[in-house]
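Here, each number is a calculation from the coordinates, and none is a lab measurement. Computed from a prediction, not measured in an experiment: that's the story for all the values here. Cβ: placed from backbone, ideal geometry, glycine included. Neighbour counts: every protein chain shown.
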Amino acid sequence: MRLRARMLYSMAGAVALTAAVFAGAQAENRLQGNYGGNNGGGSSVKCESNDGRRNYCGNYGYNQVQFDRQISSSPCIQGQTWGVDNGGLWVDRGCRAYFNVRRGPGHGGEGHGGGWSPVKCESNNGRRNYCGNYSYNQVQFDRQISGSPCIQGQTWGVDNNGLWVDKGCRAYFNVRGGSGYGNGGPGYDGGGSSLKCESNNGKRNYCGSYNYNQVRIDKQISGSPCIQGQSWGVDNRGLWVDQGCRAYFIVSGGGGYGPGGNDNVWWHPGPNDTWPPRGDWHGGNWGSGGACFYKDPNFRGDYFCMRRGEQRDNVPGYGDEISSIRLFGGARVWIFDDRNFGGANEGISRDVSNLHDLPVRQLPGHSWNNRINSLRVN
């Protein structure tokens, strides 16, 4: 009788332990967003190369995956120790990290569907080499074949002239939608803005409330490396740099404070707005000064602000709605009536309550009201 009682207690304990472990696993998966698969709007996926070898963590397409944060001591560098290929998301050489994966049917849809073609691009002489007039959204890094590292923004990238490699980088890239701007869907069509973001004190610095799909690195200007996920990235607060990274970024989508479109450029006045901007408001980093641009005269109506050092080479559809400009922190604004900082221009070092009252010096009889097509804040 006693033996039977002990057996029953042991069986009950085993069942309870199994239930606890299963519940814990469910809780962990729910916390990471993986429970039941990637069927929500976006999930967090932990991918680990614990044995130093390549490990695949899901049959996701390239445009479904974004690097979130590294949790390993071994570096996670896109194209070297993590990436996405025809087998899905992978990590290698000890990289362990969290990734954000958005909803989609794996390699269909926006992933590696039809229309992708391999392109080999090589910097055989250690100098910059262009390999096709592709736009940013047409190109994805596939695999490195050189001894020299291929690091986005340092030794490979995409600019207005197309795909390039430099400093001995040799690699294969996947390219979709034809061989030039305009053939590949959304692409980068020159409507983006150039933004300088700097970690001058070696600490994390935010440079704008942009979302992940709006930002790409253009060129590094620091001695410290700018490596996506380590010293620069985009999170819920926006674009950030860290550990001494200083670089120029291209921001697309009409100014970047939303998913795109002119309606998202403009900020609606709110009860918590302060003057001048300060703290973490709209991404923070207002201490160096900047300027705000308003739809209506006398600094009224919807508006948006830019920090000193930011510029927009094209303000399609909303530059011609600016009617007043307000400066802070000793900043100066240059406005242009053509894209890419061309055409008539004017430097502004004081508030302008009504651009109707500011004449275009190069065009007698015209004012700057609703006329701006590119601008920079110095």
What list of ³J(HN,Hα) couplings, whole Hz, do you get for the range 366-373 from phi and the Karplus terms 6.51, -1.76, 1.60, once you set θ to phi - 60° and write x for glycine and proline?
10, 10, 8, 5, 6, 10, 7, 10
So, over other residues within a Cβ distance under 12 Å of Tyr206, counting Lys, Arg +1 and Asp, Glu -1, the net charge is 0
Taking amide H atoms as placed 1.01 Å from N in the peptide plane, list the residues 5 or more away in sequence, or in a different chain, whose amide H sits under 5 Å from that of Tyr134.
Leu163
Could you list which residues have their amide H under 5 Å from that of Ile322, counting only those 5 or more apart in sequence or on another chain, with H placed in the peptide plane?
Asn370, Arg371, Ile372
Rounded to 0.05, the calculated FRET efficiency for the beta carbons of Arg237 and Asn340 at R₀ = 35 Å is 0.75
For the range 297-367, treating each Cα as an identical point scatterer without solvent, what Debye log10 I(q)/I(0) comes out at q = 0.22 1/Å?
-1.18
